Structures are given as C-alpha cells and as structure tokens.
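Notes to accompany the following structure.
The values are calculated or read from the model by the stated rules, or taken from the named source; none is laboratory data. Since the structure is predicted, the reported quantities are computational estimates derived from the model, not experimental observations. Virtual Cβ from ideal backbone geometry, glycine too; neighbours counted across all protein chains shown. These accessible areas exclude ligands, DNA and RNA; they are computed on the full protein's heavy atoms, side chains included. Shrake-Rupley method; radii C 1.70, N 1.55, O 1.52, S 1.80 Å.
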Amino acid sequence: MRVVTARDYDQMSRKASYIVASRVILNPRCVLGLATGDTPKGLYRELVRLHQAGDVDFSGVTTFNLDEYVGLAPEHPNSYHRYMEEHFFRFVSIPPEQRHIPRGDAPDIAAECERYEEAVRRAGGVDLQILGLGRDGHIGFNEPDVKFEKGTHVVRLAPSTIEANARFFASAGEVPQSAISMGIKTIMSARRLLLLASGPEKAEAIRGAVLGAVTPDLPASVLQLHPNATVIVDDDAASLLF
Ligand code: GLP
C-alpha cells in the first residue's frame, strides 16, 4: 500500500485527479470505478477542469459506480445517479451506455446485484477504482464485519452510516436502510485502487486501514493485501499515522 500525503482537501483532490487523468491519457478506453460521498467531489471538480482545458478526453471511458441506495430511483435527489450527474457526468462526454450505477429501484434486487457483477466482468474488470472511506472504515457500503469474499450484494447500513449520511437527506428517518454495493471481492479485483480520505473524522479509520490488522471489522484494511493500492490522505486524516 502506497501512502501519499496532501496538506489539505484541495491538494488531495488535485493529486488524485492527476492519477486518474494519467490512467485515462494512457488508456482512453479504460474502466474507472467511481465513488460518491463528499470526499471525491473535489476530484470530480478537478477532472472536469482538465476536461474543459482539453487535456483529458473521457468519451472512451467506461464507468462503474460502487453503490446505490435500495429504493431510490435514479431521479431521486439523493440517489447516487443524481450525484454523479451533478458532479461529473453532465460536464464530461461519457456516453450514457458506458456509465453504470446499480439500480436501487430494480424490482428484483438480488438479480440486479448479479447483473451488475456480470457487467463489471464483461467490461474486463475495473482498471482504477476510486474509493472514499466511512468513519467506521467502510468502503463502498461494505460495513464492518461484511465478509471479504462477497461480490455485488445488498447491505444493511450500519446506524453510524445512516447517521453520517443523514446530512444529505431531510432527516435520518429518510435515509434508506439498505444499499446495493460492490463487495470487497469486486473492489479487490480492480487492477488499481485509489482511496481518498480527508478530515480529522477519518483519522482513526485511516490508522486502522494502513497500520492495523487486516480484518473485516475494518473493511478498508483489506487494501493492505492489494498489489496496487494508493491512499491519499490530507494532514488531518493522516494525523494518527506518523
Ligand atoms: C458513503 C458512501 C461511501 C463513502 C462514504 C464516506 O457511505 N457509500 O462510498 O466513501 O459515504 O463519505 P464521505 O466522503 O462523505 O465522508
């Protein structure tokens, strides 16, 4: 695991954007795994800037998002479909058929999980997977204690995750109780992983993920076993590392 430090959120976002942009420049038809949450917003902003400067062309890229809330249609203001549209897709020219996000409103959620896993496989797997980090160490929506060997599956959200994500909804009661998420097995199959963490509330999880034992109790710790994982942390998130 490679740990890259940044002085603050903006520098973390820029460093991450250079890594993602370099993948797309080297392989314009690459498969990117995308994440949501507050953390990657700055990365998307920087990638849009690089696109607008004419430095990176995303039109050949295929994308797979990590997760989506069960029960939310793509048009729902809190869906990850909407998030991606708002922060990235509407600015860059990735054809809609090359973008993939699990359908939280699918009539058969188990079948949707299988379909999604198969779509990732058919695309040849993910070249570079972007990850954020939950305060409890979750990646995607793989909560502590989810087995490492799972593919895309339905997850019951931990109370702390519901509470953390309530800020995006009118109230905690409106946060869906479950989500479809790529599993740890899906994530670990990506050829490169790029985890971003910013702010003091991530410091404990970063310490566990980077220095602690590899355990499903702290899902991000599994990155230690990946042959090509990079973690970019700002000084606040890195405060318990050195
Ligand atoms: C959600 C997402 C994760 C994300 C996490 C942290 O639970 N499913 O993919 O990493 O939130 O979010 P934030 O970046 O807002 O702290």
- Task: Leaving ligands, DNA and RNA out of it, report the carbon-plus-sulfur percent of the accessible area of the stretch 2-234 at a 1.4 Å probe.
- Result: 51 percent
- Could you give the nm distance between label points at Ala73 and Ala123, where each point is 7 Å from its Cα heading toward the beta carbon? 2.4 nm
- Task: Might you work out the accessible area of Phe168 for me, using a 1.4 Å probe with all protein chains in place, and round it to the nearest 10 Å²?
- Result: 80 Å²
- Work out the FRET efficiency for Ser239 and Arg156 from their Cβ-Cβ distance, taking R0 = 51 Å, and round it to the nearest 0.05. 0.95
- Message: Taking the solvent-accessible surface of protein heavy atoms with a 1.4 Å probe, what is the per residue accessible area of the chain in Å²?
- Response: 43 Å²
- Note on the structure: Surrounding charge for Ser198, neighbours by C-beta under 9 angstrom, Lys/Arg +1, Asp/Glu -1, total -3
- At q = 0.07, 0.13, 0.14, 0.15 1/Å the base-10 log of I(q)/I(0) from the Debye formula over the alpha-carbon atoms of the chain is -0.20, -0.74, -0.87, -1.02
- Query: Largest first, how would Ser239, Ser17 line up by accessible area (1.4 Å probe)?
  - Reply: Ser239, Ser17
- Query: When the Karplus curve 6.51 cos²θ - 1.76 cosθ + 1.60 is applied with θ = phi - 60°, which whole-Hz ³J(HN,Hα) does each residue of the stretch 144-155 get, with x for Gly and Pro?
  - Reply: x, 5, 6, 5, 5, 7, 7, x, 4, 7, 8, 10
- Item | Residue list for the stretch 198-213, given a label point 7 angstrom along the Cα-to-Cβ vector of Ala172 and an amide N cut-off under 20 Å | 201-202
- Task: State which entries of Lys41/Lys147; Lys15/Lys41; Lys41/Lys185 exceed 18 angstrom in Cα-Cα distance in the structure shown.
- Result: Lys41/Lys147; Lys41/Lys185
